[in-house]
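Below is one structure, written out as structure tokens; the observations come after it.
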Amino acid sequence: MKFKLIVTIIADEKTDDILEAARKSGATGCTVITNARGEGLNPPKTFLGLTLTGQSDVVLLLVEEHMSRRILEAIGKAGEFDGDPGSGVAFQIDIEDAIGLGSQMPTLREEIEDEI
């Protein structure tokens with residue numbers, strides 16, 4: 001099986017919505033890194049040296065390649081990335097090899113059986 005890593009950077013209040021959308025689309029697990037901070041095209045405003053932006057989370061999902069586009073689109077819709085500038089970003093990266101997924105492999109095979 002081939003895998004993709006979907007990396008999502010979102011405001012922490014949207015994390016649960018993103019995780020729910022990813023699971024409904026076939027993701028079998030994730031890693032959430034909390035308290036990330038980012039900056040877009042325009043730097044965030046500060047008040048006396050304190051940033052006024054909220055915290056972000058980084059969500060990492062290792063998914064089977066046949067399911068990756070569907071999951072990525074579900075994440076984008078749940079996070080409202082296209083309609084709300086600065087709400088977050090998601091992208092996918094090819095994974096050459098992975099280990100430690102033995103418990104998830106039967107579920108993945110079952111879910112993608114019709115797509116292959």
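The values are calculated or read from the model by the stated rules, or taken from the named source; none is laboratory data. Keep in mind that what you see is a predicted model, and the values were worked out from it rather than measured. Here the Cβ positions follow ideal geometry from the backbone for every residue, glycine too, while neighbour counts run over all protein chains shown.
Which residues, taken from the stretch 63-100, are on the phi > 0 side of the Ramachandran plot and acidic (Asp, Glu)?
Listed by number, the list holds a single entry, 80.
Enumerate the pairs (first residue in the stretch 1-26 and in contact (Cβ under 8 Å) with a residue 40 or more places away in the chain and over 18 Å from residue 56 (Cα atoms); second residue anywhere and of a type in the set (Gly, Ala, Ser) and in a loop (DSSP other than H, G, I, E, B)) with beta-carbon separation below 8 Å, excluding pairs fewer than 6 apart on the same chain, so at least 6 apart or on different chains.
Going by the 8 Å Cβ cut-off, the qualifying pairs are 3/98.
Could you check residue 59 against (1) modelled with pLDDT under 95; (2) under 19 Å from residue 15 (Cα atoms); (3) touching a strand residue (DSSP E or B) at 6+ places or on another chain (Cβ under 6 Å) and say which number it fails?
Tallying (1) modelled with pLDDT under 95; (2) under 19 Å from residue 15 (Cα atoms); (3) touching a strand residue (DSSP E or B) at 6+ places or on another chain (Cβ under 6 Å), residue 59 fails exactly one: (1).
Taking the stretch 8-20 as the region of interest, how many residues are surrounded by 15 or more Cβ atoms within 10 Å (Cβ to Cβ) and closer than 20 Å to residue 37 by Cβ? Before you say what the answer is, go through the steps one by one.
Our first condition is that a residue be surrounded by 15 or more Cβ atoms within 10 Å (Cβ to Cβ); within the stretch 8-20, this holds for 8-11, 14-15, 17-19.
If we keep only those that are closer than 20 Å to residue 37 by Cβ too, we end up with 8-11, 14-15, 18.
Total meeting the criteria: 7.
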